1. Treating only the Cα positions of the stretch A:93-138 as identical point scatterers, give the base-10 log of I(q)/I(0) from the Debye formula at each q in 0.31 Å⁻¹.
2. Pop out the ³J(HN,Hα) list for the stretch B:264-281 in order, Karplus 6.51 cos²θ - 1.76 cosθ + 1.60 with θ = phi - 60°, rounded to Hz; leave Gly and Pro as x.
3. Can you give me the orientation-averaged projected area of the convex hull built on the Cα atoms of the stretch B:470-538, in nm²?
4. Nearest 500 deg cm²/dmol is fine: what mean residue ellipticity at 222 nm does chain A get from its DSSP H runs of n ≥ 4 alone, each adding -39,500 (n - 2.57), divided by its residue count?
5. At residue A:310, with labels set 7 Å past Cα in the Cβ direction, how many nm apart are the copies from this one, shortest first?
6. What's the center-to-center distance, using Cα atoms, between the stretch B:485-536 and the stretch B:257-310 in Å?
7. Can you work out the base-10 log of I(q)/I(0) for the stretch B:105-162 at q = 0.29 1/Å, using the Debye formula on its C-alpha atoms alone?
8. Just need the relative contact order of chain B here, percent rounded to a whole number, with Cα pairs under 8 Å and 6+ apart.
Number of protein chains: 2
Amino acid sequence: VTIERKKVMWNGWGWTARADHLAAREEIWSWLASEIGMPSLLATPTRPLEELTIAEARLSPSERRSLVAILGADRVRDDAFERASHARGRSYQDLVRLRAGNLGELPDAVLYPRGADEVLEVLAFASEGGIAVVPYGGGTSAVGGVNAHAGGLRAIVSLDLSAMDRVIEIDTMSGVATVEAGLGGASLEKSLAARSLTLGHFPESFEFSTLGGWIAHRGAGQLCNRYGGPQEWLLSAKLATPRGILATEEFPVSATGPHLKDLIIGSEGVFGVITEARLRIRPAPESRAYQGYLFRDFASGMTAIRQAMREDIPAAMLRLSDARETGFYRALDNIGRETSIAQRLADAYLEFRGFDAHAALMIAAFEGTSRSAAAARRGFHAIAGRLGAVSLGNSLGERWLRDRYRGPYVRDSMLDRSLGVDTLETAATWSKLPALYAAVRNTLESSIRQSAPYPAARGIVMCRIGHAYPEGASLLFTYIFPRAFDGEVTQWQSIKKAATEAVIAHGGALSHHHGVGEEHLPWMMTQKSPLGLDVLRAVKRTLDPKAILNPGKLIPPE
Amino acid sequence: VTIERKKVMWNGWGWTARADHLAAREEIWSWLASEIGMPSLLATPTRPLEELTIAEARLSPSERRSLVAILGADRVRDDAFERASHARGRSYQDLVRLRAGNLGELPDAVLYPRGADEVLEVLAFASEGGIAVVPYGGGTSAVGGVNAHAGGLRAIVSLDLSAMDRVIEIDTMSGVATVEAGLGGASLEKSLAARSLTLGHFPESFEFSTLGGWIAHRGAGQLCNRYGGPQEWLLSAKLATPRGILATEEFPVSATGPHLKDLIIGSEGVFGVITEARLRIRPAPESRAYQGYLFRDFASGMTAIRQAMREDIPAAMLRLSDARETGFYRALDNIGRETSIAQRLADAYLEFRGFDAHAALMIAAFEGTSRSAAAARRGFHAIAGRLGAVSLGNSLGERWLRDRYRGPYVRDSMLDRSLGVDTLETAATWSKLPALYAAVRNTLESSIRQSAPYPAARGIVMCRIGHAYPEGASLLFTYIFPRAFDGEVTQWQSIKKAATEAVIAHGGALSHHHGVGEEHLPWMMTQKSPLGLDVLRAVKRTLDPKAILNPGKLIPPE
């Protein structure tokens, strides 16, 4: 098993053994309180599992015996820890509910199949008995994608795929790896690294999320400018459905109708359970450079990214923070620390060069063969220079690389101290991005102010471009706000709703890489036409005629 | 209208005004006769349209009036030329039948809608009346994709989209063009070139085929290593269906379930009529270099392509002929011509360097910014050098560029002289390619021998790699054979069947870029599982409940 569930927080992000690296820096918390206009921050700890009342599991003894007959006794679990830790994913709403002990629906059992055959048997059994099946990979969904939801059925099982973690074959000649879909990111990359290969998919959830999850929610990795997302690196897949295995085309390219794998990418467990995938793998990069740049403002940094895409400069990542995010992380670094002489000289130089509070930080990554990485770096350097940016060398880049999975841990630190923090991500074409950015930022700021628990309170709203494409880019907003304890979920929903409506009104995608799950479901009809949703429903009916798979996700009811 | 139909052959390839550039070179034909072991070639002209009996159109007067009411009198045509020229595409089988005056089923009318609204009205009318609708773009299908086929319905209309040829919008900031799908390749590129832009899709049918056709059959262009196919450059589309318009997502990327555009690419007119598309367009290349290389053999050339893909060398095209194709085109150039001194010196040099009859010619194309094209060229040059290839300079490349659309014209020249010629294309992963290549070549050779009309007769079987991907490449076989006049179609079918079975047995795709149509339909169940075909049928039922759209193509009957 890739990840031992007991070593992972059941109601928070990440390893239970993690340290709160901001705990010792009290000055940060007082600065944050003043930034959001609150007199002080309160301690808001979580409720321990032992205090909670867990509803009785709804599987009958004979149903439980049947599942044990399929999977073995150790692979049908229904203790409180298993059920609670598989109740929800890791969205803001999930954490607020879990921390408060407000678990909502729970799976009646957590199943750990060891292969596609067992998955098929479970699906046949569940179809027959009218039991909802929630496929569960790493459990890190940011949108309620793995939440236990019966959808009118009698009971729910969570299908934890972490025991399906074999590397089946690596065809080095073709650059194709065949692996089971329950494999976690870190284990997958470790197996590939042993042969000097990489998939190159590094989402922020990398430590916990699985291959199947990446495909199912149509995710993105930090370096997907170079390595692509599942749309690029998934070559074919096997999907276990209540009607059997759907195996997709194994050719690099073929002109034989729509490719069925394209129906699996983003299917979020509603069509079937991804059991196996063939992946485009690449040589581990010979050369790596992670470099910081400071642009005069967000707009000129955005222009640099667009030009790099237009000139085919193969950067692995061009991650641009807006002025607010640039200033925020700078403050987090400096507060309560003495400024070094080197830092002061650097600041003076930047001031002399005309950089002010509008400055925008970029981390640019270049990977590949020595030649291609160096050429990409030279090419981007020239563009950045023409736009008046300065290079900050590689120390910021190296630090980013070291801390690349830390983001979600900080959320827990904030949740412990009465702060809320969430992200909202979208994508649009270049021509729509400036207005989309301004509108969503303004909407987040005003809706946070309106729902704040204190008259002068306000949010911190930051944004970055994380992923770029020839015709546009993604925007990821991070917003920090003081929690309203008389209705935390309502507060978050009102902010989410206002911001999402602004996204849609300005031509942004409902999600760039988080997926739909339950939380984005209310807006799905803005993304697919009624006819488009009918098509998805027809596919669902064909593969899952009893509608047992992941109820309440992705496809809105008719 | 992009292309005037009257200027195009109704029973052959291309412009009626074209010249047979091989007509004057009688020595080529005697050489070909001896190569295929025939005592001589016969003149085998086509039958003129005027000689043929054209069956009465089956639309009732009132149906015809209704169509005229929708489209206008000039846009409902049922004269012999219109009906015959829209009866079939341009596969080998199509040409053999058309040339013999064996037209088969004919459309009862050819309709020329001017926009999506008119298409919707026609589809509603045809759904109501049970009339088959065959969407028709450039009519160049190589697999029977536009053949008039009633599929049990009462009558057939061919929906010629050539009047839907507007460029609707070009968003230069985002690099996105929105165009009507009936636009022909040459017109599209002309409109884009006026703004120094390009789509970069150049199939051999470029002079006649349309944007909608490229998407519908999931085609490839000669430079798709750089510009991609519709899977890459199609951003979104509008599909007119009997249930209304299916408009797909307009975001560069989004994580909101499967992308509906992926169901449109390769849909071959069975789900709906593509009326509009948004395309990824790019700056017209600043720099272009088309370069010849000679490899010692096909295998070392294949290794070079694989290494170039692995090292991220962004060549626009790496087109590698096997020894037979290399020798064939060389012979075609030289036969009956005096060898120049320069040529003799070059030959002596190559012989000294150890190149023999195994030598394999590659045309390598590099396009992009001056910097990126030069870097790609340098990178590939180094790989080719390491593998013992010699550069032949740019004259062969320039000539290839000039003649890039000539291939299908040569087929007509051969058909006029009792020869048959067809192509067969497939794709596989690198590890499967060598065995696939050998098996298909051997099968083509033996099945041609078995079906030949003369004891000593044999075929000429050539192959090239046209398109490469990180995990594999396409193979395109061209085979020339003496026609058996007692059963030309049967002869061709026996060769096609044997070769296709070899393709499938060795892990090749049924088609890399020609599509399925009618001719590949018998093997579709080897490409999609029964469950996969059920999924496609469910999509079809949802969008085209009366099953009027392009009967007999893509999806085999249940």
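Every number here is computed from the coordinates shown, using simple stated rules; none is lab data. No experiment lies behind these values; they were computed from the predicted model shown. Please note: Cβ atoms are built from the backbone with ideal geometry, for glycine as well, and neighbour counts cover all protein chains shown.
1. The computed values of log10 I(q)/I(0) come out as -1.21.
2. Per residue, the Karplus-derived 3J(HN,Hα) values read 8, 5, x, 7, 6, x, 8, 9, x, 10, 5, 10, 8, 9, 9, 10, 6, 10 Hz.
3. Mean orientational projected area (the stretch B:470-538, Cα hull): 6.2 nm².
4. Taken over chain A, the calculation gives -10500 deg cm²/dmol.
5. 3.6
6. Taking the Cα centre of each part, the stretch B:485-536 and the stretch B:257-310 sit 22 Å apart.
7. Ignoring solvent entirely, the Cα scatterers give -1.26.
8. Reported relative contact order: 17 percent.
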